[in-house]
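The values are calculated or read from the model by the stated rules, or taken from the named source; none is laboratory data. Worth saying up front: this structure is predicted, and the values here are computed from it rather than measured. A quick note on method: Cβ atoms are made from the backbone with ideal geometry, for glycine too, and the neighbour counts reach across all protein chains shown.
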Amino acid sequence: MQKVLTGNQTVSWGVMRARAQVIAAYPITPQTTIIEELANLVDEGKLEASFIKVESEHSALAGCIGAAQAGARTFTATSAQGLALMHELIHWASLGRLPIVLADVNRAMAPGWTIWTDQNDSLSQRDTGWLQFYCESNQEVMDTAIQAFKIAEIVKLPVMLVLDAFFLSHTAEAVDIPEPEEVDKFLPPYEADLKVDFDNPRAFSGMTGVDIYQEFRYLQHEAMNEALTVTEKVDQEYGKQFGRTYGLVEPYRCEDAEAIIVTTATATSTAREVIDQWRDRGESVGLLKIRTFRPFPTELVREALRGVPKVGILDRNICPGFGGIFAQEIKASMYDMEEKFRPDIYGFIAGLGGRDITPDTINEILEKTIHPEKTEKHLNWIALRD
């Protein structure tokens, strides 16, 4: 079936199709309508789930952790300061190896107080052991929401589904919603290997000595590495059943490119149109979209950018005192490549606090990448006002 849905409604319908059993959340703009829609779906009997109303985002994730330890398929959603308030329990969920799915509607961090988008809220959680998927369209949100539960339950790690505030969250488009019985074939009921069981008592997250803690971290890291293969496999399986795949990365017109720009999320749609315009003028340019940030698809990025003379990376985020976060990751992944194959890489910051990333923005990034005489390699601010 098809419905015209906002990005937030799309998350809710994806969670309903995944048959989440416990939902715990606290409202925060621009995430609130995800929870409102789920509350309506539960109230109308379209989703059989326990809906937990809590007093804070910290409590929302605590509720999900308890439910996941009891073996339930769980979901929550948040944005910005709400995600920051969850931070302590973000670690608990990951090292506890709990397959919770969380939708983060990217919102810039305060102060100044803002409700508009950039990626610093989710990227500030990059070292916590959560998988992170960044979506370009509402259809990708739907499909990733369903995939996220399966991936999480296979590798036993939590997943963060990330979408841009307002550009997706409150913008409506036609979305293909898979039928319930088809999703049930793809995503069977969750059966936890270890869970709270009165007939078979176990302790969870107890005191850990110096003789074993490092091994917990090792196993978490290995699970994250496994998630690269699992995510590709689940995506391909989804494509065979529903006709749509996304991959970990998506190269676009990169095969003979002399310059490539790297994007993520909704900025990719604008960049794709600009790349087509440059190609029509005979310019050899391409685009690499990164969908999966954690685990980072190092080998796929290296393969896509290998031998390309110049690469510009668009970051809708900032690591103060260093630069763009995607640029950091990509430079690190290319570091040990043979010099003749390693591109010149230029970092660009744009779109912070919800500022539009327009075709002019992409054009400027391409110009500065192709003609770098006055371009800083490390960090360039685009459309910065005096």
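Of note:
- Of all residues making up segment 316-362, the number that are among the polar types (S, T, N, Q), surrounded by fewer than 18 Cβ atoms within 10 Å (Cβ to Cβ) and touching a helix residue (DSSP H, G or I) at 6+ places or on another chain (Cβ under 6 Å): 1
- Scan segment 301-311 for residues that are surrounded by 18 or more Cβ atoms within 10 Å (Cβ to Cβ) and either touching a Gly at 6+ places or on another chain (Cβ under 8 Å) or farther than 18 Å from E364 by Cβ (or both) and the total you get is 4.
- Any chance I28 is part of a loop (DSSP other than H, G, I, E, B), touching a Gly at 6+ places or on another chain (Cβ under 8 Å) and hydrophobic (A, V, I, L, M, F, W, C): yes
- Checking T10 against (1) touching a residue at least 60 places away in the same chain (Cβ under 8 Å); (2) in a strand (DSSP E or B), the condition it does not meet: (2)
Conditions (1) of a type in the set (D, E, K, R); (2) in contact with a Leu (Cβ under 7 Å, 6 or more places away or on another chain); (3) farther than 19 Å from V162 by Cβ, marked per residue:
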residue: K233; (1), (2), (3): yes, no, yes
residue: E258; (1), (2), (3): yes, no, yes
residue: A271; (1), (2), (3): no, yes, no
residue: N317; (1), (2), (3): no, yes, no
residue: G321; (1), (2), (3): no, no, yes
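- Check on E48, of a type in the set (D, E) and either crowded, with 24+ Cβ neighbours inside 10 Å or assigned to a helix (DSSP H, G or I) (or both): no
- Checking each residue in segment 346-367 for being under 30 Å from G112 (Cα atoms), part of a helix (DSSP H, G or I) and free of Cβ contacts under 8 Å to residues at least 60 places away in the same chain picks out D360, E364.
- Long-range neighbours under 9 Å by Cβ, at least six apart or interchain, first residue without any contact (Cβ under 8 Å) to a residue 24 or more places away in the chain within segment 260-283, second of a type in the set (D, E, K, R) and in a strand (DSSP E or B): R272/K289
- Inspection of segment 356-374 identifies at least one residue that is more than 21 Å from V249 (Cβ to Cβ), more than 27 Å from the chain's Cα centre (by Cα) and of a type in the set (D, E).
- Cβ pairs under 9 Å, 6+ apart, first in segment 54-81 and farther than 25 Å from P111 by Cα, second among the aromatic types (F, W, Y) and outside any loop (DSSP other than H, G, I, E, B): A62/W92; C64/F75; I65/W92; R73/F149; F75/F149
- Residue match in segment 53-61 (condition: at pLDDT 95 or above, assigned to a helix (DSSP H, G or I) and surrounded by fewer than 24 Cβ atoms within 10 Å (Cβ to Cβ)): yes
- First in segment 193-213 and touching a residue at least 40 places away in the same chain (Cβ under 8 Å), second anywhere and surrounded by 10 or more Cβ atoms within 10 Å (Cβ to Cβ) and polar (S, T, N, Q), Cβ under 8 Å, 6 or more apart: K195/Q69; V196/Q69; F204/Q69
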